[in-house]
Amino acid sequence: MIPFNEPPLTGNEEKYILRSIKSNKISGDGEFTKLCHKWFENKLKCKKALLTTSCTHALEMAAILINTQPGDEIIMPSYTFVSTANAFVLRGAKIVFIDIRPDTMNIDEKLIEQAITEKTKAIVPVHYAGVACEMDTIMDIANRHGLFVIEDAAQGMMSCYKGKALGTIGHLGTFSFHETKNYTSAGEGGLLIVNNEQFSERAEIIREKGTNRSKFFRGMVDKYSWVDLGSSYLMNDISAAYLWGQLERAEEINCDRLRSWKRYSEGLKKLSSKGVIELPAVPTGCLHNAHMFYIKVKDIDTRRSLLSYLKRNDILSVFHYVPLHSSSAGLIFGRFNGNDMYTTSQSERLIRLPIYYGLEKEKIDFVLDKLNQFYENL
Ligand SMILES: *Cc1c(COP(=O)(O)O)cnc(C)c1O
């Protein structure tokens, strides 16, 4: 059986978890959290990195930080995970969904400007599969209209856009360390990236239940108290210890995934040049992290039969998001601006193939064989 995903494990996680347990601090902001924060601030070159309980929570923090109010409109693609929208809906915002580009499955930057109204507060680009959105255009639109940009970089750790790490280009960026992502903490986890100094202090407060406890720990105030909105968004240090085991080996994990990605890509060139499948596009200027290897087949019926063919051959492949705008909550909390030219039709064609750290090349070759056989038999 070839699983779709295996959570990454480098071997040092156990040792670090034990060290964390034996330290006197296993709650948030302990030894390993500090190591991780420093690593992210150096590696991604950002002002501030704050580990959170999930990317969902990092997005919720971002929604609070930009003072999202009832009635505000937030622009994002419909082809994304529910949390991208939910974080803002929780603060009373209306979601304005716009179409994606068929090549990258990312928000179509050319359609953003026409969706802006006087209620628009922010744009939330989602870097699908760790391939960057067209950030120069998006930042230019945001600056001209006075909007915030929050990058949902949940899938984009170690990816770049024109030399800049994803998550560090907008005002705020969010990452996920869920077990299905390239780097994971103990099952669930996330990260908020603060790129504008104006948000730094308040981000710490919101993460610490609305208190100035972080300042207190640094000796900057002599007692701490309730000063703002907030919740409990800190990652526990045992979880950060697990993550640290992987950050130390971040390059190795990245190279391993990229090797698998390239093997799929090479092995599927023939089917792609015949026009029976489409392969993912990586625009120039984008360095991706091989978070995902997907193919697009002819239509939803072909997808159904290919998925079951793979399953019969012990290969677990999956499809991905059901567009949010047509989901039952999406109908209540959002609206689609413009025409759904690609969101639904492209999402119905997409299949994600198994990819994870340590995936053996023999297994990739087996998947490639089965894909070729499927199309020979068709
Ligand atoms: C995984 C993911 C999330 C949610 O991350 P959690 O850490 O599970 O909360 C949000 N957005 C996108 C695009 C994701 O892929």
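If you go through the stretch 313-336 and keep only what is of a type outside the set (Ser, Thr, Tyr) and either in a loop (DSSP other than H, G, I, E, B) or closer than 12 Å to Ile2 by Cβ (or both), you end up with Asn313, Asp314, Ile315, Leu316, Phe319, His320, Val322, Pro323. Scanning the stretch 180-196 for residues that are over 14 Å from the mean Cα position of the chain (by Cα) and of a type in the set (A, V, I, L, M), which turns out farthest from the ligand (Cβ to nearest atom)? The extreme case among them is Val194.
In the set (1) more than 16 Å from the ligand (Cβ to nearest atom); (2) farther than 30 Å from Asp365 by Cα; (3) modelled with pLDDT of 95 or more, Lys25 fails one condition alone, (3).
Here is a yes/no grid of residues against (1) buried (at least 18 other Cβ atoms within 10 Å of the Cβ); (2) touching a strand residue (DSSP E or B) at 6+ places or on another chain (Cβ under 9 Å); (3) among the small types (Gly, Ala, Ser); (4) part of a helix (DSSP H, G or I):
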| position | (1), (2), (3), (4) |
| --- | --- |
| Glu252 | no, no, no, yes |
| Ser260 | yes, yes, yes, yes |
| Tyr264 | yes, yes, no, yes |
| Leu271 | yes, yes, no, yes |
| Val282 | yes, no, no, no |
| Ile295 | yes, yes, no, no |
| Lys311 | no, no, no, yes |
| Gly338 | no, yes, yes, no |
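Annotation note: of Glu201, Glu179, the sole residue that is outside any loop (DSSP other than H, G, I, E, B) and of a type in the set (Asp, Glu) is Glu201.
For the stretch 34-63, the set of residues classified as within 16 Å of the ligand (Cβ to nearest atom), assigned to a helix (DSSP H, G or I) and of a type in the set (S, T, N, Q) consists of Thr56 only.
The residue pairs whose first member lies in the stretch 219-234 and is in a loop (DSSP other than H, G, I, E, B), whose second member is surrounded by fewer than 15 Cβ atoms within 10 Å (Cβ to Cβ), and whose beta carbons are closer than 6 Å, counting only pairs six or more residues apart or on different chains, do not exist in this structure. Taking the condition within 16 Å of the ligand (Cβ to nearest atom), touching a Leu at 6+ places or on another chain (Cβ under 9 Å) and without any contact (Cβ under 8 Å) to a residue 40 or more places away in the chain, does Val149 pass? So Val149 passes the test.
Among the residues of the stretch 182-202, those that are at pLDDT 95 or above and under 21 Å from Gly245 (Cα atoms) comprise Asn182, Tyr183, Thr184, Ser185, Glu188, Gly189, Gly190, Leu191, Leu192, Ile193. Restricted to the stretch 78-117, and to residues there that are out of contact with any helix residue (DSSP H, G or I) (no Cβ under 7 Å at 6 or more places or on another chain) and crowded, with 23+ Cβ neighbours inside 10 Å, the residue that is nearest to Ile150 (Cα to Cα) is Ile107.
Here is the figure for the stretch 106-136: residues that are away from the ligand (no atom under 16 Å from the Cβ), touching a residue at least 40 places away in the same chain (Cβ under 8 Å) and among the hydrophobic types (A, V, I, L, M, F, W, C) total 3.
The values are calculated or read from the model by the stated rules, or taken from the named source; none is laboratory data. Computed from a prediction, not measured in an experiment: that's the story for all the values here. Please note: Cβ atoms are built from the backbone with ideal geometry, for glycine as well, and neighbour counts cover all protein chains shown.
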